[in-house]
Amino acid sequence: MMFLSRTQVITALGAVLLALFVLDLVRRRRLSEEYSLLWVMATTVIAILGFSTPLLTWITHALGFMGESSTTFAFGLAFSLAMLLYLSLKLSRLGFENHALTRDLALLRHEVESLRRGGREDSPR
């Protein structure tokens, strides 16, 4: 029987607590389902790696890392970079949409002002 180290237990339990926290945020509608899926998947992977020493050791040797902690750190770094890229894409899209909405609002304001000026000139005094 293989026992888990203190670090593995803390990592795995931290991942489980984070997953529960994410699910609570979704339940209270403070985090959208779109982002929660990414967080739940990441915490599940961390929990599996934390509880499964043979799997973590196999992945470490397959990737050629020196230690299991390096593998865990590499997965965390890869997840962080993926989230940063994803959020950058979302932010860019929102910036483009904001620019288009601002342009449309300016055109509508101009059109309303033109109608108001035209309406005053045509009304009898």
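Quick notes on this one:
- As a summary of the residue check, SER36 satisfies the conditions (1) under 21 Å from the mean Cα position of the chain (by Cα); (2) closer than 14 Å to SER69 by Cα except for the one numbered (2).
- Between THR71, THR60, the distinction of being in contact with a Ser or Thr (Cβ under 7 Å, 6 or more places away or on another chain), at pLDDT 90 or above and surrounded by 14 or more Cβ atoms within 10 Å (Cβ to Cβ) belongs to THR60 only.
- Within region 26-45, being within 20 Å of TYR86 (Cα to Cα), assigned to a helix (DSSP H, G or I) and either among the hydrophobic types (A, V, I, L, M, F, W, C) or free of Cβ contacts under 8 Å to residues at least 24 places away in the same chain (or both) holds for VAL26, GLU33, GLU34, TYR35, SER36, LEU37, LEU38, TRP39, VAL40, MET41, ALA42, VAL45.
- Condition met for SER92 (surrounded by 10 or more Cβ atoms within 10 Å (Cβ to Cβ), modelled with pLDDT of 95 or more and within 20 Å of LEU38 (Cα to Cα)): yes
- Subset of region 58-69 that is in a helix (DSSP H, G or I) and in contact with a helix residue (DSSP H, G or I) (Cβ under 7 Å, 6 or more places away or on another chain) - its residue that is nearest to ALA15 (Cα to Cα): GLU68
- PHE3 satisfies every condition listed in (1) under 18 Å from PHE79 (Cβ atoms); (2) assigned to a loop (DSSP other than H, G, I, E, B) except (1).
- Qualifying position, being loosely packed, with under 11 Cβ neighbours inside 10 Å and either within 30 Å of ALA15 (Cα to Cα) or of a type in the set (Val, Ile, Thr) (or both), among LEU55, LEU101, LEU85: LEU85
The values are calculated or read from the model by the stated rules, or taken from the named source; none is laboratory data. Not measured: the values here are computed from a predicted model. Glycine also receives a Cβ, built like all others from the backbone with ideal geometry; neighbour counts cover every protein chain displayed.
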